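Working notes, beginning with the structure itself.
Nothing in this text is a laboratory measurement; each read-out follows from the coordinates by a stated rule. Predicted, not measured: the structure shown is a model, and the values here were computed from it. Every residue, glycine among them, receives a Cβ derived from its backbone with ideal geometry; neighbour counts consider all protein chains shown.
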Amino acid sequence: MADKENEDSQKAASDRKASLVIAVAGNPNAGKSTLINAMAGTRLQVGNWPGVTVEKKSAEFEYSGRRITMVDLPGTYSLSPYTQEEIIARDYLVHERPDVIINVVDATNLERNLYFTLQLLELGIPLVMALNMYDEAEQKGFRINAEMIASTLGCAVIPTVATKGEGIDRLIEMAVEFADPSKRYSSASASYGEDIEKAVQTVVENVRHRGGKPSGHEALRWQALKLIEGDELVLEETGISEDEVFLEKATHHLRKAHGEDLEMLLADTRYGLAAGLTREALQKPEKRKRELTERIDAVVLNRYLGIPVFLLSMWLIFKLTFDIAGPFTDWLDAVISGPLTRWALSLMTLIAVPDWTVSLVTEGMIAGVGAVLVFLPPIFAMMFFITLLEGSGYMARAAFVMDRMMHAIGLHGKSFIPLLLGFGCNVPAVYATRTLENPRDKALTALLIPLMSCGARLPVYVVFTGVFFSAYAGTVLWSLYLLGIMLAVMMGWIFKKTLFRGEAPVFIMELPPYRLPSVKNLLIHTWEKGKHYLIKAGTFILAISIFIWFGLNLPWGVESKKDSYLGLISQAAAPVFAPLGFGTWEAASSLITGVVAKEIVVSTMGEVYAPKACEEEQSEALTVGEDLKEIGVSFAGALGEAAKNVFSTFGIATISAGEEDTTGIKAAIARNFTPLSAYAFMVFVLLYVPCLIVLIAMRHEFGTWKWAGVAIAYQSILAWTVAFIIYQGGRLIGIG
Amino acid sequence: MTLADLKPGQSGEIVKIQVAGALKRRLMDMGVVAGTTVRVEKVAPLGDPLEVLIKSYKLSLRKSEADKIDVEAVA
């Protein structure tokens, strides 16, 4: 009886599977992510593919009583095993074998897209083609015979306009229908010609004979083709060596008739089929209009205008990112450090918790939450503009215009934008490296970002130049920014010769037509990225800010910050800075706490040089909740202000209590530094380790601490060396 | 003659790709295969890379790569 039931349910399952997996694959710029958004809507989940930082989107939903899992594969041009994206896509298709593939095809660029479709068909998985941007193709006067494509390739072809949601329902309906094993549509993939098909047959028989069918029966054809091509990954996976007798035999005739390069032969064959089918199925108008893209490019890529247009658009994006984000940041900061903290305080007074708990909650936890939240506005703003740049097609042009210059220091044309954003704040800049596809370019760019002097370092320069260089403050400030850029060029060159030795990745990039991205998609994308930051990086930042609070307040009952664990570490570290002209524990402790956020250097100095004034302020602040954000001396207050000052560049000077503070600090700085050691100190602040949030962003973006570690190591050495040269060199020639 | 020798506005037919391995594979995936017609559209403002029209879409590549693609000029 039980057996019978089991049998029945198995039969039912084979007729109509209760859950289906749909994989969405296609070329970059074919509108795949818009289509996914249209299909999945709010059910979309964004994460990473395991082990890599390539984004993975998926969605689960019910469709006519069945559980559908939709997986978005990275946009690729082929299934070769060379880029991260290609390996992910093909591993998923070969090993997970989804029930059906939705292949998103750009209807305005049929031929090259069909080349990828043919590769997908080799896998033997039912395929439904979304002939996307159909409206655009129609506008161009294209007439596409979808029926002919469908019957030639043995798949379904649905015209879609993802931006308007047209054809989406029909697409899902067809995908589900095609996935049904009971109605198994055989995708009788187009023949590759007698010679190749014969060789495939021989290889398939031999592989089957060996009992090796690791990726299922249907994939045998794909496997055979890859073996003929000499694909390293498939050779490795199947354990078949390239000079295996049967393989030699099978390809012997091919080699004799078509030359030794079988990989090229297969590519030619697929392109031949794609071109033939395009000729048959696509009717283009006789007279071609000069397209919008060409008219825009005539200006944007113009020999003389190209660079000015690029610089202007970059200036706009930089301004907008930080100007839009600024007020929100201030607002968030005010809410957290004002009312939120006050409420927490009243609550804690009410239930009479010990003082240390009050301090932990306000200075450790609430301030930590604040530090996470204040970065949200610039990250949202930056993601919005980056998505706009990519979606509109300008990003590829920006890379095209800048590549020559960036290539000279071992970078990619697209590296320019993250580096530029670094001058505002390094944190969104690190996230902006995701526009770079190649892991090497991405890592190298991220490593150089901290050398771009961000807004948080400015308060430090302002205080020090105010004391020693007020007559020529502008020149001193510029010299620091310039030094950072020059050292980035130098480090780029050094990294190219050491850590990133070997062949630089090539620059072979499509310049997609200009398109207006839909607001809805822009917002979805921006929101997903921001949410990701909040959850992933946010937890780290919170944990570390609590950890630092303990460092400043342990051992229990510590009176002065000098005796806290961080104070003790500072005392031990001070001699390291002696050859640089600032070997005091006060300087050391401000540098150590400055790792949290660089402008904390100033507030820590206020605390350690003038602790009495600060204590008074602290007690006052605790009674008057409104003034809480002005504490500025405790780690927590500074952490809260930190992010604020990143954006309101001269922030420290505009806070009234801060002004009093800086007067005290300025006097102390004047006593403890010389102009020379002050300059060395500023250079050190410019160069030494990136702030914690940047390090966490690097960890988050790369999925490993490796690059954050490299940044800490090289920047520490660089900062010490350059400050040493400046201080000791200056002394040699008699300055200071 | 290679693709890098063509001036903007000039077309050529690809004869052979003089590279191997990943780079060749990448070029092939982007439609750079023998027998295909390619037209140089633009040179970037700083002199490199190139923009070419191939298989009715626009591709950009550096001169160093274009130099390894043999073409025959088409009138």
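Worth pointing out:
- Net length available on complete extension from A:Arg210 to A:Lys562 is 119.4 nm, with 0.36 nm assigned per residue and the Cα-Cα distance removed.
- The stretch A:255-325 versus the stretch A:420-486: alpha-carbon centroid distance in Å: 34
- Estimated at 0.36 nm per residue, the fully extended path between A:Ile725 and A:Ala334 surpasses their Cα-Cα distance by 136.6 nm.
- In the stretch A:194-283, the inverse of the mean reciprocal separation of distinct Cα atoms equals 13.8 Å; this is its Kirkwood hydrodynamic radius.
- Remark: the A:Ile717-A:Asp195 segment gains 181.7 nm on full extension, using 0.36 nm per residue and subtracting the alpha carbon distance.
- Size descriptors for the stretch A:311-358: radius of gyration and Dmax over Cα atoms are 18.6, 58 Å.
- More than 15 Å apart - percent of Cα-Cα pairs taken over the stretch A:355-394: 59
- Ranking of A:Lys287, B:Lys63, A:Lys198 by neighbouring Cβ atoms within 10 Å, starting from the fewest: A:Lys287, A:Lys198, B:Lys63.
- Ordered by the count of other Cβ atoms within 10 Å of each Cβ, fewest first, A:Val105, A:Val369, A:Val299, A:Val427 give A:Val299, A:Val369, A:Val105, A:Val427.
- Under a model in which nothing but the beta-carbon of Lys, Arg (+1) and Asp, Glu (-1) is charged, chain A shows a dipole of about 1260 debye around its Cα centre.
- Scaled radius of gyration (Cα, divided by 2.2 N^0.38 Å) that the stretch A:18-183 gives: 0.96
- Zone residues, the stretch A:674-689, relative to A:Trp493, backbone N less than 16 Å from point 7 Å out along Cα-to-Cβ: none
- Sorted by Cβ density within 10 Å, fewest first, the residues A:Leu120, A:Leu695, A:Leu499: A:Leu499, A:Leu695, A:Leu120
- DSSP beta bridges in the stretch A:18-183 [antiparallel fraction, %, rounded to 5]: 40
- 10 Å binning of all Cα-Cα separations within the stretch A:186-339, expressed as whole percents from 0 upward: 8, 23, 16, 10, 16, 17, 8, 2, 0
- Across A:Lys32/A:Lys56; A:Lys414/A:Lys496; A:Lys249/B:Lys16, pairs whose alpha-carbon gap is larger than 24 Å: A:Lys249/B:Lys16
- For A:Val100, residues with placed amide H under 5 Å, excluding near neighbours: A:Val21, A:Ala23
- Hydrodynamic radius (Kirkwood) for the stretch B:3-74, which is based on Cα pairs only, to one decimal in Å: 11.8
- Placing +1 on the Cβ of every Lys and Arg and -1 on the Cβ of every Asp and Glu, with no other charges, gives the stretch A:464-556 a dipole of roughly 180 debye about its Cα centre.
- Cα lying deepest toward the dipole's positive end in the stretch A:18-183, options A:Asn109, A:Ala40, A:Gly75, charges on Cβ: A:Ala40
- Links that overshoot a 26 Å alpha carbon limit, given the list A:Lys57/A:Lys442; A:Lys57/A:Lys520; B:Lys7/B:Lys58; A:Lys226/B:Lys63; A:Lys529/A:Lys706: A:Lys226/B:Lys63
- Net charge dipole size for the stretch A:194-283 [Lys, Arg +1 and Asp, Glu -1 on Cβ; Debye, nearest 20]: 380
- Cα point-scatterer Debye curve for the protein assembly as shown, base-10 log of I(q)/I(0) at q = 0.06, 0.08, 0.09 Å⁻¹: -0.47, -0.78, -0.93
- Within the stretch A:378-518, the proportion of C-alpha pairs whose separation exceeds 18 Å stands at 60%.
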